[in-house]
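This report concerns only the one structure given below.
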Ligand code: S3P
């Protein structure tokens, strides 16, 4: 069985996914990295050179490819993956997967996103906390309808150990 982690940027999908894969002895696939390998360039460059519309198109194509081949993996999606095209439907239709929404609050997400100077094209111009709070608040509100369709919703404001424990307790 695959476990598909979804949630907003900064919700801990990659970290939790990696740790969970070691505990459950499954392979770990970071979907952003998967896309970068296929396209042979970083996500940041795909956004800069080809634009977001192109990115969303290939994101959908590679999701379809990945869901068709992965059988026993932990998959950490990109923050926007479930929210475009028929991606969430694809995730829900996949008989071999359980989806888990890592639900973190706006305040925690904003703090994490400001403290990790990641390579996130959508946030590249936001440096102040009030702006980040406002952006994340609106954006998360728009995306929640997709995230909330996951098989399982796990509160993700706490530390990784607690979140992992909750996922294991509730999934098995
Ligand atoms: C995006 C999130 C990113 C990456 C891309 C777009 C989004 O992934 O896929 O920059 O739309 O939320 P992370 O959630 O891993 O940062």
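The values are calculated or read from the model by the stated rules, or taken from the named source; none is laboratory data. Keep in mind the model is a prediction, meaning the values are calculated, not measured. Positions of Cβ are backbone-derived with ideal geometry, glycine not excepted, and every protein chain shown enters the neighbour counts.
Condition check: within 21 Å of residue 91 (Cα to Cα), within 15 Å of the chain's Cα centre (by Cα), within 14 Å of the ligand (Cβ to nearest atom) and touching a residue at least 12 places away in the same chain (Cβ under 8 Å). Does residue 120 satisfy that? Even if it seems obvious, please write down each step before you answer.
Numbers: within 21 Å of residue 91 (Cα to Cα): no; within 15 Å of the chain's Cα centre (by Cα): yes; within 14 Å of the ligand (Cβ to nearest atom): yes; touching a residue at least 12 places away in the same chain (Cβ under 8 Å): yes.
In short, no.
Given the structure, is residue 65 more than 21 Å from residue 164 (Cα to Cα) and within 11 Å of the ligand (Cβ to nearest atom)? So residue 65 does not fit the description; no. The number of residues in segment 5-24 being farther than 12 Å from residue 164 by Cβ, part of a helix (DSSP H, G or I) and more than 8 Å from the chain's Cα centre (by Cα) comes to 0. Among the residues of segment 80-92, those that are within 15 Å of residue 150 (Cβ to Cβ), within 12 Å of the ligand (Cβ to nearest atom) and in contact with a helix residue (DSSP H, G or I) (Cβ under 6 Å, 6 or more places away or on another chain) comprise 81, 82, 83, 87.
Conditions tested, residue by residue: (1) closer than 23 Å to residue 2 by Cα; (2) touching a strand residue (DSSP E or B) at 6+ places or on another chain (Cβ under 7 Å).
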| site | (1), (2) |
| --- | --- |
| 17 | yes, yes |
| 42 | no, no |
| 61 | yes, no |
| 64 | yes, no |
| 80 | yes, no |
| 95 | yes, no |
| 100 | yes, yes |
| 103 | yes, yes |
| 112 | no, no |
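Criterion first (surrounded by 19 or more Cβ atoms within 10 Å (Cβ to Cβ), within 12 Å of the ligand (Cβ to nearest atom) and free of Cβ contacts under 8 Å to residues at least 40 places away in the same chain) does residue 77 satisfy it? No: the conditions fail for residue 77. Taken over segment 90-107, the residue count meeting the criterion of being touching a residue at least 40 places away in the same chain (Cβ under 8 Å), assigned to a helix (DSSP H, G or I) and surrounded by fewer than 18 Cβ atoms within 10 Å (Cβ to Cβ) is 1.
Only one residue in 64, 72, 87, 50 is crowded, with 19+ Cβ neighbours inside 10 Å, modelled with pLDDT of 95 or more and more than 19 Å from residue 10 (Cβ to Cβ). Which one?
Details: 64 fails: crowded, with 19+ Cβ neighbours inside 10 Å; 72 fails: crowded, with 19+ Cβ neighbours inside 10 Å; 50 fails: crowded, with 19+ Cβ neighbours inside 10 Å.
It is 87.
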